[in-house]
Structure formats: structure tokens, C-alpha cells
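The values are calculated or read from the model by the stated rules, or taken from the named source; none is laboratory data. Keep in mind the model is a prediction, meaning the values are calculated, not measured. Cβ: placed from backbone, ideal geometry, glycine included. Neighbour counts: every protein chain shown.
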Amino acid sequence: MTKQFPPRYLKVANKVIIALQRAGLVLGTMRVLTVPGRKTGEPRSTPVSPYTVGGVRYVVGGDGSGDWVKNAEAAGQGILSRGRLSERVRLIALPEEERGAILREFPAKVPHGVPMFLKSGTVAAATPEAFEAAAPRCAVFRIETL
């Protein structure tokens, strides 16, 4: 599968989502994850859609090489916000062999996130099997409250 870059509008859309969340307007399952930058230590925020599998929360990075993923891996913790409510969380990167089972649940649990995976070329179809097959290309973090 050929890697494609996210749509140009994504950075602007992310800024709008973050601003709305900070103003107290919650959009569906969207949350804002803030982690320290791995080089500067400055807070970096990105919208995410955590979901629960077997009573455990997870968040997926559709591009395993994205900056927010690298920052989360380096920091191992951050702040997860929903509107004006925030919680400190630990972010545990799953090894590749554990990601598939969690990714299989993504299309059912976060259906509004599926189109971005399709547009970016991360998955070939909106099926659990296609998401499971994307395990080598996606980052998956287990979320634990600190």
C-alpha cells in the first residue's frame, strides 16, 4: 500500500477542533491529547478519539511516524482533555504483535475516523481485517489514568 500524506486541511481542522474543545464544546468522541514535544519540551496538542476494548482505553496514531506519535512515545504521558475537563494519563505504546486486535475494533468504535485512514492509504478498506493488517503502520497506545 502506498503511503499518502494527510489532506492539506488537516492542520487547520485540528486547530479548530482544539479551539472548540478548549472553549468547552465537545465533538463526539474527540479529545485533545497534549504531550511535551520531544525536542523542545513545549506542550503539543492533537485531537484524538480514544476508545475502549475489554475495559481498557486506547488511542491510535494512523501514521505511526507522525510527530504526535513520536512525542507520545518519548514522553510516555500527557494530558487528555474533553472540553474543559482534563486528566493526566500514561501512554503505553503497544508492540506490533498486540496492535492488530485493538485496531480490529476501530471501525466499529470510531466510525467517523475511518475515512481518514482510507484517504491516507493506511488501510485499503473499512473492515476489521484491513485495520488489523495495518498494525505494522499504526501506533497504538494504551491509556492509563495517572
**Looking only at the range 89-103, and only at residues there that are touching a helix residue (DSSP H, G or I) at 6+ places or on another chain (Cβ under 6 Å) and surrounded by 20 or more Cβ atoms within 10 Å (Cβ to Cβ), the one that is nearest to residue 53 (Cα to Cα)** = 103
**Message:** residue 38 - would you say it is in contact with a helix residue (DSSP H, G or I) (Cβ under 6 Å, 6 or more places away or on another chain) and loosely packed, with under 15 Cβ neighbours inside 10 Å?
**Reply:** yes
**Prompt:** For the range 46-55, does any single residue satisfy the condition of being more than 17 Å from residue 114 (Cβ to Cβ), of a type in the set (A, V, I, L, M, F, W, C) and either without any contact (Cβ under 8 Å) to a residue 12 or more places away in the chain or in a strand (DSSP E or B) (or both)?
**Reply:** no
**Request:** For the range 89-146, please list each of the helices (runs of 4 or more DSSP H) lying entirely inside it that holds at least 3 residues being of a type in the set (Asp, Glu).
**Result:** 96-103
**Prompt:** Can you name the condition, by its number, that residue 70 falls short on among (1) more than 20 Å from residue 110 (Cα to Cα); (2) touching a residue at least 60 places away in the same chain (Cβ under 8 Å); (3) assigned to a helix (DSSP H, G or I); (4) not aromatic (Phe, Trp, Tyr)?
**Reply:** (2)
**Request:** For the range 55-74, state whether one or more residues are surrounded by fewer than 17 Cβ atoms within 10 Å (Cβ to Cβ), of a type in the set (A, V, I, L, M, F, W, C) and on the phi < 0 side of the Ramachandran plot.
**Result:** yes
**Asked** Cβ-Cβ below 9 Å, separation at least six or inter-chain, first residue in the range 121-146 and touching a residue at least 24 places away in the same chain (Cβ under 8 Å), second part of a strand (DSSP E or B) and exposed (fewer than 14 other Cβ atoms within 10 Å of the Cβ): which pairs?
**Response** 142/56; 143/56; 144/56; 145/87; 145/88; 146/87; 146/88
**Asked** Restricting the search to the range 75-102, which residues are at pLDDT below 95, touching a Lys or Arg at 6+ places or on another chain (Cβ under 7 Å) and over 13 Å from residue 34 (Cβ atoms)?
**Response** none
